[in-house]
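Participant: Pasting in a structure now, in structure tokens, and then I'll have a few things to ask.
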Amino acid sequence: MKKSIFILTIATFISGFVFTGCKSNSDKEADAVENVQDAADNLDAVTDDVNKDAVKKANDAEWQTYKEEANKTIADNEARIAELKSAMKKPGKTFDAAYAKSIDALEERNTSLKTKISDYENNQTDWESFKREFDSDMTGLGQAFKDLTVNNKK
């Protein structure tokens, strides 16, 4: 008697576990759909991260090239300013105070460009905006050098 009650109790527990552990097909399908959606979301996030890294590296390479060219131009400008200052000191040529002031202004603009490029390196913001503004400033400085050597006095 005890043995049959024991077997009946075990059978009841096993059947209870089997029925409560089974899910219906609609539950399984809903779980599968949810898992697929989660996987798709994770794939999108990873793809976005990879694309951002690729773009950033391309901008880093472009930045390095741009920085080298800008620093070369700034160094050339410094050499031209030094030549202009040494030419002012030579005897035989007369230079007025406005010419000396113009040279000082060119030197100040060149120094500000040097500072601007080093500041961008430390705090990179909008690349296209910076590049457009910096190119404009460099062009303006180059034009100021050309205007300095032209004698506008008549």
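Participant: Output the number of the condition that T94 fails; it satisfies all remaining conditions of (1) in a helix (DSSP H, G or I); (2) modelled with pLDDT under 80.
Facilitator: Against the list (1) in a helix (DSSP H, G or I); (2) modelled with pLDDT under 80, T94 comes up short only on (1).
Participant: Give the residues of region 92-108 that are buried (at least 16 other Cβ atoms within 10 Å of the Cβ) and not hydrophobic (A, V, I, L, M, F, W, C), sorted by residue number.
Facilitator: Matches in region 92-108: S102, E107.
Participant: Output the number of the condition that Y66 fails; it satisfies all remaining conditions of (1) modelled with pLDDT of 85 or more; (2) among the aromatic types (F, W, Y); (3) part of a loop (DSSP other than H, G, I, E, B).
Facilitator: Going through the list (1) modelled with pLDDT of 85 or more; (2) among the aromatic types (F, W, Y); (3) part of a loop (DSSP other than H, G, I, E, B), Y66 breaks only (3).
Participant: For region 113-140, which positions are more than 21 Å from the chain's Cα centre (by Cα) and over 13 Å from A70 (Cβ atoms)?
Facilitator: G140
Participant: Taking the conditions exactly as written (of a type in the set (S, T, N, Q), open to solvent by 70 Å² or more (accessible area, probe 1.4 Å) and at pLDDT 80 or above), does N35 satisfy them or not? Reasoning before the result, please.
Facilitator: On the way: of a type in the set (S, T, N, Q): yes; open to solvent by 70 Å² or more (accessible area, probe 1.4 Å): yes; at pLDDT 80 or above: yes.
Yes: the conditions hold for N35.
Participant: Let me ask something additional. Cβ-Cβ under 7 Å, sequence separation 6+ or interchain: first residue in region 64-87 and farther than 14 Å from Y120 by Cβ, partner open to solvent by less than 60 Å² (accessible area, probe 1.4 Å) and aliphatic (A, V, I, L, M). Which pairs?
Facilitator: Listed by first residue and then by second, the contacts come to T73/M138; N77/L141; I81/I103; I81/L106; L84/I103; K85/I103.
The values are calculated or read from the model by the stated rules, or taken from the named source; none is laboratory data. Source: prediction; values computed, not measured. Neighbour counts are summed over all protein chains in view; Cβ atoms, including those assigned to glycine, are modelled from backbone coordinates with ideal geometry. All accessible areas refer to the heavy atoms of the entire protein, side chains included, with ligands and DNA or RNA removed. Shrake-Rupley method; radii C 1.70, N 1.55, O 1.52, S 1.80 Å.
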